[in-house]
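For reference, the structure discussed in these notes is given below.
The values are calculated or read from the model by the stated rules, or taken from the named source; none is laboratory data. Just so it is clear, the model here is predicted, and its values are computed rather than measured. All Cβ positions, even for glycine, are placed from backbone atoms using ideal geometry, and neighbour counts span all protein chains on display.
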There are 2 protein chains.
Amino acid sequence: MACDLDCDPSKEAMVREILERIADKWTLLVIEALDRETDIRFSRLQERVGNISQKMLTKTLRQLERDGLVTRRVHPTVPPRVDYRLTPLGESLGEAVCGMWMWVEKHVEAVEDARRTFDGRSERPAA
Amino acid sequence: MACDLDCDPSKEAMVREILERIADKWTLLVIEALDRETDIRFSRLQERVGNISQKMLTKTLRQLERDGLVTRRVHPTVPPRVDYRLTPLGESLGEAVCGMWMWVEKHVEAVEDARRTFDGRSERPAA
DNA sequence: CCGCATCCTGTCGGATACTG
DNA sequence: CAGTATCCGACAGGATGCGG
């Protein structure tokens, strides 16, 4: 097995809660984007992430800000400009996220193959 | 930044698709459980994961099986016994997942602090 | 430009009951 | 015990419009 982490049962609940928050479709992508480019504007972030609605992006950013992973800076200019960057804590998480991302990149084909096999299996019993 | 992974833009879509599937509340916990204990039965898995409904557990396991990350073995006994284990591919993913898990364990307090600060900030402007 | 509030819909996901 | 099917509530999340 890869690792032992039964280290502190008392933290379990909290760990899960945080893990669930982070392991969310948008959160990972946003962290990734922030990890690639720093001091990034809202609109730019939105296009970087892909097809996230501004509602979800805002929400995700607020959560990350609340968890101390992202800093939000408002420039009192007109038109207003707001940019975001990872905190040191956020950057350290970025590494872990990258680990997942890299795993996926490395194994896309393997997964695709597995899917084809699996899907084929269901369709062709004796046809 | 932690890593460069613009390596293959053509795979981007697929990478995201897979990432979204994996980066799901239950999936991570299930992989984790399977990583800790192998050849584990359905019911045991369910209690290990926590409070997952059997519907979600089944669904999650099917997806993992489809993606070639988990092997499902049915023992033709009565009462029926089914157990699950990670494939080698699944185990390699387990490592990445552990990375996230360990990050969380390490930084629970930091996140909790950040939250308290953030939440306090909203409540107490001058009270 | 940023992002909040509202409305509305699809999907997630739990509880329950039934089959092998 | 393991898994499927059904029903149904909750909420994620998109579209739109307003406010700073």
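Assorted remarks:
- In summary, A:Arg73 fulfils each of the numbered conditions (1) in a helix (DSSP H, G or I); (2) charged (D, E, K, R); (3) more than 16 Å from the chain's Cα centre (by Cα) with the single exception of condition (1).
- Pairing each residue of region A:44-61 that is within 16 Å of A:Arg21 (Cβ to Cβ) and of a type outside the set (Val, Ile, Thr) with any residue that is loosely packed, with under 14 Cβ neighbours inside 10 Å and modelled with pLDDT of 95 or more, provided the two are 6+ apart or on different chains, yields C-beta distances under 9 Å for A:Leu61/A:Arg72.
- The residue that is farthest from DNA strand D (Cβ to nearest atom), among those in region B:31-50 that are within 13 Å of another protein chain (Cβ to nearest Cβ) and either more than 14 Å from the chain's Cα centre (by Cα) or within 20 Å of A:Phe118 (Cα to Cα) (or both), is B:Ile31.
- Test: residue in region B:93-111 that is facing chain A (nearest Cβ under 8 Å), assigned to a loop (DSSP other than H, G, I, E, B) and touching a helix residue (DSSP H, G or I) at 6+ places or on another chain (Cβ under 8 Å): no
- Residues in region B:55-74 include at least one that is in contact with a Ser or Thr (Cβ under 6 Å, 6 or more places away or on another chain), more than 8 Å from DNA strand D (Cβ to nearest atom), more than 10 Å from chain A (Cβ to nearest Cβ) and modelled with pLDDT of 95 or more.
- Considering (1) within 16 Å of DNA strand C (Cβ to nearest atom); (2) within 30 Å of A:Lys11 (Cβ to Cβ); (3) under 24 Å from the mean Cα position of the chain (by Cα), the lone condition that B:Leu86 does not fulfil carries the number (1).
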